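Nothing in this text is a laboratory measurement; each read-out follows from the coordinates by a stated rule. The structure presented is a predicted model; accordingly, all values stated were derived computationally and were not measured. Using ideal geometry, Cβ is built from the backbone for each residue, glycine included, and neighbour counts are taken over all protein chains shown.
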Amino acid sequence: MIRSESTEMYLKTILELGTGKEPVAISQVAERWGVTPVSANEMIKRLAEYGMIRHEPYKGVSLTETGLRQATNILRRHRLWERLLVDHLGVDWAESHDAACQLEHATAEAVTTALDAFLGHPTTCPHGNPIPDPGQPVNEAETRPLSTLEIGQQATIICIHPEETALLNYLAEHGIYPQRTVEVEEIAPLDGPLTVRVGEQRTVIGREAASRVHVAV
């Protein structure tokens, strides 16, 4: 397989959307990248020819063992770069995601190993997501989306997943970060937004954003 930024991004997206196990609808992949289903199908066909993914009609696409290993390594590079950018270079918590997306494609394995050692072998990225070991599956924590909590429930924010810069900026503006305690105070009817308290800050968060904030009760 020829390594390119586009093929790597598709592999990582399939891993993130399906956690490496469940089939992902091609329409989800297309929506994530803002491309047409036709364009996504072309890349999916190419990745299948490379032996990176398998396509199940009416179900979606999933990673082969080879594809999963490559996607996991891409994710590892991404999250290690986020850690360096935020912890050592002072890059904004939300903006680190886009910067890491660029750096992950130009990082050799030896550099990734050195980066991991320099950082002291961190276990999570700044957004709370686990950093996988080389060639190993992602060890996801047991969490549930904030959007599933009921009024009066408290929980600890564990991670933001899947990451997206616009979402991270939105959450940062409302003080929603990993390891903070969140309490649901009100839920609007008809799948409306949630009113939550994080520390001393009371804020309203939409359902879609809340579904990407993963918590432990």
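Looking at the range 144-216, the pairs of alpha carbons with a distance over 22 Å make up 9% of the total.
Taking Cβ atoms as reference points and 11 Å as the exclusive limit, the residues near L171 contribute a net charge of -1, counting Lys and Arg as +1 and Asp and Glu as -1.
Counting 0.36 nm for each residue step from T123 to D98 and taking away their Cα separation leaves a gain of 7.0 nm. Note: the range 1-123, Cα convex hull, 106 Å³ per residue. When a/c reaches 1.5 or more, the comparison of a/b and b/c decides; with that in mind, is the chain rounded, prolate or oblate per its Cα gyration tensor? Since a/c reaches 1.5 but b/c is at least a/b, the shape of the chain is classed as oblate. So what's the gap between the Cα centers of the range 46-66 and the range 79-118, to the nearest angstrom? So the two Cα centres are separated by 28 Å.
Taking the average, over residues, of other Cβ atoms within 10 Å as the packing measure, peptides 140-146, 65-71 rank 65-71, 140-146 from highest down.
In nm, what is the difference between 0.36 nm times the number of residues separating R202 and Q136 and their Cα-Cα distance? Provide the component values of the computation, followed by the final result.
Details: separation 66, 0.36 × 66 = 23.76 nm, distance 3.95 nm.
That pair, R202 and Q136, stretches by 19.8 nm at full extension.
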